[in-house]
Amino acid sequence: MNRQVRCGTIRAYLLFPATTTKMTAFKFVLGLAAAFQLVSVVLALRLNAIYRRRFAWLFISGAAVLMLVGMFASMWRVWDMAPTVENHPAIWAECLATLMMAILFFAGIATIEPIFKENEEARKSAEHENERLSAAVQHTLEEMILARQIQQNFLPKKPPEAEGYDVAAISLPAEWTSGDYFDFHETDDGKLIAVIADVSGHGVGPALLMSSARSYFREIVQHYEQPGEILSRWNKVISSEIKFGDFITAWVAVIDLEKHVLTFAGAGHNAWLVSRDGAVQDLEGVGPPLGVVGDFEFTCSAEVPLQPGQILLMATDGIPETENLAGQQWGNERMLSIIHARRGQPAERIVADMVDAVSGFAPDTPRRDDVTAIVVKVA
């Protein structure tokens with residue numbers, strides 16, 4: 001039977017040479033398509049090996065392999081076809097479409113490789129840049145931590161111990177470094193000088209300015225005890241170095257520990273004296289911030305008698321101006337009410353409770369300004 005089929009096929013080829021030519025051309029087209037598809041599979045598998053993290057290549061490679069299998073199956077089927085089938089237009093359309101599909105797939109694989117290569121190079125470059133930036137950030141973080149430690153060392157490690165007075169202070173930066181400053185100085189004739197200051201803004205720049213201001217203040221109080229004169233001389237030296245638009249608010253108190261009287265001077269800053277019964281005396285300075293008017297002469301207040309149970313509060317605006325999510329400020333009233341309510345506690349506890357109350361008022365709001373306060377409790 002098979003011999004008869006083969007003989008019939010041979011007779012068909014001999015009797016119909018044009019059909020035989022068509023069959024050969026048909027097989028040539030399919031073979032060419034298979035060749036393009038085979039090369040496409042090789043390219044796809046190669047790219048899949050290079051870009052293993054690109055899961056899309058798994059699907060592309062799989063599709064290429066399946067297309068190649070389908071194409072060989074079609075060739076196998078065509079090889080056993082009768083020659084007369086080659087005259088069918090649909091078969092030729094399928095054959096040519098298969099060839100074009102193989103060519104287009106090959107062209108797509110060949111042209112997409114440079115894009116993936118560029119993407120891979122960009123990815124490696126981004127990874128390298130991220131590593132470099134991470135190292136830079138880590139280095140900057142370490143420097144900022146060091147800067148914070150250095151600045152904290154500039155502040156008094158503990159408040160002065162003055163007979164008849166309980167003194168405490170705290171300073172919390174809004175960022176790594178602070179533009180706030182407080183300090184104490186005890187004179188040989190029994191006076192306690194306390195200062196609180198606030199550079200405009202916060203961060204590294206104000207912190208550097210405050211470091212310079214601290215050095216000048218410590219030098220000035222070695223020679224002058226009167227609050228107005230301290231501010232006047234401090235203002236002159238600051239004005240010669242500060243840039244336009246920057247300024248420092250400050251408030252200086254001088255407490256005569258023997259006479260129990262207070263004198264003060266302010267540069268755009270004020271303080272409060274809270275009595276045992278809750279009455280509040282606003283100790284407002286009358287001068288502009290330091291660095292605004294270089295030749296301004298600050299004046300000293302009259303003597304303010306200090307009574308047992310009174311509490312002197314010196315604070316920067318980072319405390320009363322703390323805002324919650326609703327945009328409400330904590331305000332002076334809440335601040336002073338905490339001071340009065342905690343009047344029976346030690347000064348250190350009063351300061352801590354005040355900071356806790358501020359944090360509780362705006363628990364979900366990042367600190368926008370430095371927080372600094374001094375509490376002097378008269379025994």
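The values are calculated or read from the model by the stated rules, or taken from the named source; none is laboratory data. As the structure is a computational prediction, the values presented were derived from the model and not from experiment. Ideal geometry is used to build each Cβ from the backbone, glycine not excepted, and the neighbour counts take in all protein chains shown.
The condition of being assigned by TED's automatic domain parsing to the domain that holds residue 241, in contact (Cβ under 8 Å) with a residue 40 or more places away in the chain and within 24 Å of residue 230 (Cα to Cα) holds for residue 311.
For the range 267-287, a residue qualifies if it is under 39 Å from the mean Cα position of the chain (by Cα), surrounded by fewer than 24 Cβ atoms within 10 Å (Cβ to Cβ) and farther than 27 Å from residue 344 by Cβ, and the qualifying residues are 268, 284, 287. When the range 291-315 is limited to residues that are modelled with pLDDT of 95 or more and either under 40 Å from the mean Cα position of the chain (by Cα) or among the basic types (Lys, Arg) (or both), the one that is nearest to residue 172 (Cα to Cα) turns out to be 315.
Number of residues in the range 152-163 that are farther than 12 Å from residue 186 by Cβ and either hydroxyl-bearing (Ser, Thr, Tyr) or surrounded by fewer than 13 Cβ atoms within 10 Å (Cβ to Cβ) (or both) equals 3. Scan the range 259-275 for residues that are under 25 Å from residue 189 (Cα atoms) and not in a strand (DSSP E or B) and the total you get is 2.
Taking the range 187-208 as the range and being more than 24 Å from the chain's Cα centre (by Cα) and either at pLDDT below 95 or not charged (D, E, K, R) (or both) as the test, the residues that pass are 187, 188, 189, 190, 192, 193, 194, 195, 196, 197, 198. Assessment of the range 161-178 against the conditions (within 15 Å of residue 262 (Cα to Cα) and aromatic (Phe, Trp, Tyr)) yields at least one matching residue. Is there a residue being surrounded by fewer than 18 Cβ atoms within 10 Å (Cβ to Cβ) and in a loop (DSSP other than H, G, I, E, B) anywhere in the range 356-364? Taking every residue of the range 356-364 in turn, at least one turns out to be surrounded by fewer than 18 Cβ atoms within 10 Å (Cβ to Cβ) and in a loop (DSSP other than H, G, I, E, B).
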